[in-house]
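Encoded as structure tokens, the structure appears first; notes follow it.
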Amino acid sequence: MIKMLLSKNYIESQVCIALEEDLGKLGDITSQATVPQNQKSLAKIKLKQDAVLCGIDFACFAFKLLDKKIKISARKKDGSYLKKGSTILKLHGNTQAILAAERTALNFLGLMSGIATKAKNYSKIAKKYGSEIYSTRKTIVGIRDLQKYALNIGGANINRMTLDDFFFIKDNHISQSKDITKTIAQVKAFYPKKKITVEVDTITQLKKIINEKIDVVLLDNMNAMQIKKCIKIINGRFQCEASGNITLKNLNTISKTGVNRISTGQLTHSISNVDFGLEI
């Protein structure tokens, strides 16, 4: 599995956007009114549920951007599976800064840990049967890299980051030429070295491309019985990927078919945030 890394500049830019959105023009006026300007405090961030931790760098940046002298210790690593009540980091610094950055830090941690935890749950099931979980492009606009990183931390593979990573022929492309083999020939001529994935939603469509030199065939919205039939027809010619309405309820059944890859948008568009709390 290819490991995805996020640059310091990317993390800082995302945190700056989030802080600017939250602080408004005047900043945390409640903390300014009730907490002495130079007061320092010791704070802890704790997990309120079992989870795979993700987003620790984002959280630390949020506090550091508001208090450059803040001291951070007992810091846990992204990818750690931690139990409810675990302390993921300790802070010692300006109280106003800690309170002002609190929600931004917890928002990053909650979202990213939610994605990583769900990815871990899906990957654990798929791997029992030799399948691998892949992400989709069904991400939140503006934070795709962040979400893909969290998926990777949870054990999911990165599919296309952008439209030019590889060719992905879908029904709307095929409808333009009315001939799936012609469509494949067109993309091969356009960029010969790019890999090709072709989406099919019927066994009839699969049979039309069975002798084509492609890399992956995506079986869209097929049930387990249909997938098994397709795998038998493919017979190792290319990678086989199942996608469409895949959830934890049917993942076990789909994984048992022997499909190589399983992709699902559930990992990015249907996430429950992990609950964290900051204690001073």
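Please treat every number below as a calculation from the coordinates, not as lab data. Since we're looking at a predicted model, the values are computed, not measured. Neighbour counts are summed over all protein chains in view; Cβ atoms, including those assigned to glycine, are modelled from backbone coordinates with ideal geometry.
For the reader, a short list of remarks on this structure follows.
- When the Cα atoms of region 1-62 are aligned to their principal axes, the ranges along those axes come out at 50, 28, 18 Å in descending order.
- Relative protection proxy for 154-161, 208-215, 143-150, from highest mean packing down: 143-150, 154-161, 208-215 (other beta-carbon atoms within 10 angstrom).
- Scaled against the 2.2 N^0.38 Å expected of a compact globular protein of N residues, the Cα radius of gyration of the chain reads 1.22.
- Rg to Rh, two decimals, where region 209-280 supplies the alpha carbon set and Rh follows Kirkwood: 1.19
- Estimated 222 nm signal from helices in the chain, with DSSP H stretches of n ≥ 4 weighted -39500 (n - 2.57), rounded to 500: -13500 deg cm²/dmol
- Compared with the dominant principal axis of the Cα atoms in the chain, helix 8-23 is inclined by about 60°.
- Pairs exceeding a 30 Å alpha-carbon distance, out of 25/76; 84/127; 3/76; 3/48; 44/128: 25/76; 44/128.
- Candidate aspartates and glutamates for bridging to residue 170, where Cα separation is under 13 Å - those fewer than 8 sequence places away on the same chain excluded: 179, 199, 201, 220
- Helix 144-153 axis, angle to the chain major axis (alpha carbon atoms, nearest 10°): 90 degrees
- Counting Lys and Arg as +1 and Asp and Glu as -1 over every other residue whose Cβ lies under 13 Å from the Cβ of residue 264, the net charge comes to +2.
- Order by protection proxy (mean Cβ within 10 Å, highest first), peptides 101-107, 266-272: 101-107, 266-272
- The label-point distance for residue 127 and residue 202, in a model that sets each label 7 Å from Cα toward Cβ, rounds to 3.9 nm.
- With Cα atoms, 0 to 90° folded angle of helix 180-190 axis to the chain main axis: 60 degrees
- For region 123-269, the spread of Cα positions along each principal axis, largest first, Å: 38, 37, 23
- Converting the Cα gyration tensor eigenvalues of region 1-154 into ellipsoid dimensions via √(5λ) gives semi-axes, longest first, of 31, 17, 12 Å.
- Near residue 157, the amide H atoms lying under 5 Å from its own belong to 133, 134, 135; only residues 5 or more places off or on other chains count, and H is placed 1.01 Å from N.
- Region 22-54 and region 168-225 have Cα centres lying 51 Å from one another.
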